[in-house]
Amino acid sequence: MRPPKLSLAFSSLAVAIALAGSAPAFAQDAAAAAPAAPAAAPAPQGPPKLIVAISVDQYSADLFQQYRERYTKGLARLLQGAVFPSGFQSHAATETCPGHSTLLTGVHPNRTGIIANNWVVPGIGRADKQVYCSEDETNPKSTSEDSVISPAHLKAPTLGDLLKKKNPATLNVAVSAKDRAVVMMSGHTADAAYWFKGKGFTSFEDRKLSPAALAENQALAAGVGMGGAELPVPGWCGPVDRATDVGGFTIGTYRFPLKAGDFKGFSNSPRMDQATTDMAVRLLDEMPLGKDDVPDVLSVSYSATDKVGHAYGNEGVEMCIQMNVLDQTIGTLLDALDARGIDYAVVLSADHGGADAPERMKLQGVPEAARLDASLTDKGLSDSVSKATGVVPKDGPLLYGAGGSGDIWLNAGLTPRQHKKVVAELIAELKANPQISGVYTAQELKAVKVPSGHPQDWTELERVAASFDPERSGEVLMMTKRAVVPGTKAVPGYTATHGSPWDYDRRVPMLFWRKGLVRMEQAQPVETVDIAPTLAALVGLTEPAGTWDGRCLDIFAGESDSCAR
């Protein structure tokens, strides 16, 4: 038997760097003139055979705007389609799971039921009371730290689900480094679903790995086993290639060397996106996708931007390197689709944006930037509210949550009188805290109707309501002020984050591309919930009124099934 080819992640990276010592294609200085726009191609007739839905985790509209002139490969091509630089994840809980849940369902998290990456069920029989967004907690093997992955919590169908309901021959396929991205984009009817865990790609508990996944994992073992040199730095990264101290360690200058056998370092680096593309390309051939008259869906979520953003923030050389690699690897995916002669349409967006490390934000003229005060953590609030009220639960802490997405749950063992007393004190303390922008109760949020106007104009209350589910959300929700970053201190690997109701976390790009699509750019705000109805119209899928929170964007003018019809 022949040994498998090295994955694209290593044929273009580890082999080129570690063995040949020469830089791969993306090491070349992209500051040279951007490629000329390709000649207009004739538009295909009828619906595309494949929808390619790309999510770039933590890809804020600000990051897109900062680097768009540097893109020369995949992202440069998508910029020749329909460009919406001000897309919105309209809700307040700007985390990975809620954001991904909006992309192909067309509804906000208050309808997907995915209110956060994790939520608390005070009465659950676990010490930490925490439930993961894409787990089946009814499975006795599942824990919040090592979950049995399932789409059970997702309350809305995805585009792939609806297409398969219309015609079971539709193939619904998803791949990412993160299981929650795979689950939230593919939904309940994935024909193939792969995410990275440990030393390779894996899938649902009851599924065997396909030959494509086994081959990719074998290639990864060989590639990671060799390790790799530092990643090349494009010349245009010079202005952000500078060190910043964030409390005992430095960010801003790291170049991602890879120790032999370091799978954790691999999965937290730009190399992970390259492996994600490689796995997606293998699935193109294995399924195969886009080869008949029934439209298929391929969801690809790239996670490295999020990993890099958390570890190093978004204003250092690390993110500059990542933006270069991301552009190249999306180009690899599109080239693979072209080489197979597939008629496809692409949408690219993101689950949320992100904040930079507050220490660097201060240096760049944001004096209010700060880390969350310890008094606003679940422990800090539990201690202070217990002291003020005299309520001390017999089992477990008084409060769960806080920080992060802002949900706060109360101990399940409180009496009605204790409960009322604790809620009143909690609200009073939160409103008095200078880092808090708003405090809302579950009862208040139940009465709020999520608006349909421009998401940039929504009030904070409306943003919170868009990610509120009365079955899962906290009893009290707190929102921090702009530039207050969750996490009381920077720690290696977790320097910056997201999760706020502010535009740097809510605004994301939305790019659509299909061969022959006339280039256009619209600066007015749109929403990620507009993606599903737009793609549904393109492939001729009609659903009852009320299926979507979003609206069809008439960008595929002239298509027989466009929303203009």
* To do: Could you sort out which of 178/208; 178/446; 379/431; 178/515 sit more than 23 Å apart by Cα distance in this structure?
  => 178/446; 178/515
* Structure fact -> Taking r as the C-beta separation of residue 431 and residue 80 and R0 as 56 Å, the FRET efficiency to the nearest 0.05 is 0.70
* Structure fact -> With a ≥ b ≥ c from the Cα gyration tensor eigenvalues, square-rooted, and the rule rounded for a/c under 1.5, otherwise prolate when a/b > b/c and oblate otherwise, the stretch 401-450 is oblate
* Helical mean residue ellipticity (222 nm; -39500 (n - 2.57) per DSSP H run of 4+; nearest 500) of the chain -> -8500 deg cm²/dmol
* To do: Check the straight Cα-Cα distances from residue 307 and name the aspartates and glutamates below 15 Å, setting aside those fewer than 8 residues away within the same chain.
  => 57, 95, 179, 273, 315, 318, 351, 356
* Relative packing of peptides 240-248, 101-109 - highest average C-beta neighbours within 10 Å first -> 101-109, 240-248
* Structure fact -> The Rg/Rh figure for the stretch 366-485, Cα atoms and Kirkwood Rh, to two decimals is 0.98
* **For the chain, diffusion coefficient by Stokes-Einstein and Kirkwood Rh (Cα), 20 °C, 1.002 mPa s, µm²/s** => 89 µm²/s
* Cα atoms only, the stretch 471-565: Rg and Dmax in Å? -> 18.9, 54
* Asked: Among the lysines, which have Cα under 17 Å from the Cα of residue 362 when same-chain residues fewer than 8 positions away are ignored?
  -> 481, 489
* Simple Cβ-charge dipole of the chain, Lys/Arg +1 and Asp/Glu -1, about Cα centre, in debye nearest 20 -> 400 debye
* To do: Could you pull out every one of the lysines with an alpha carbon less than 17 Å from that of residue 141, ignoring same-chain neighbours closer than 8 positions?
  => 129, 197
* Local charge sum around residue 192 (other residues, Cβ-Cβ under 9 Å, Lys/Arg +1, Asp/Glu -1)? -> -1
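Read-outs: derived from the displayed coordinates by stated rules, not from any lab. Here the structure is a predicted model, which is why all the values come from computation and not from measurement. All Cβ positions, glycine included, derive from the backbone under ideal geometry; neighbour counts span all protein chains shown.
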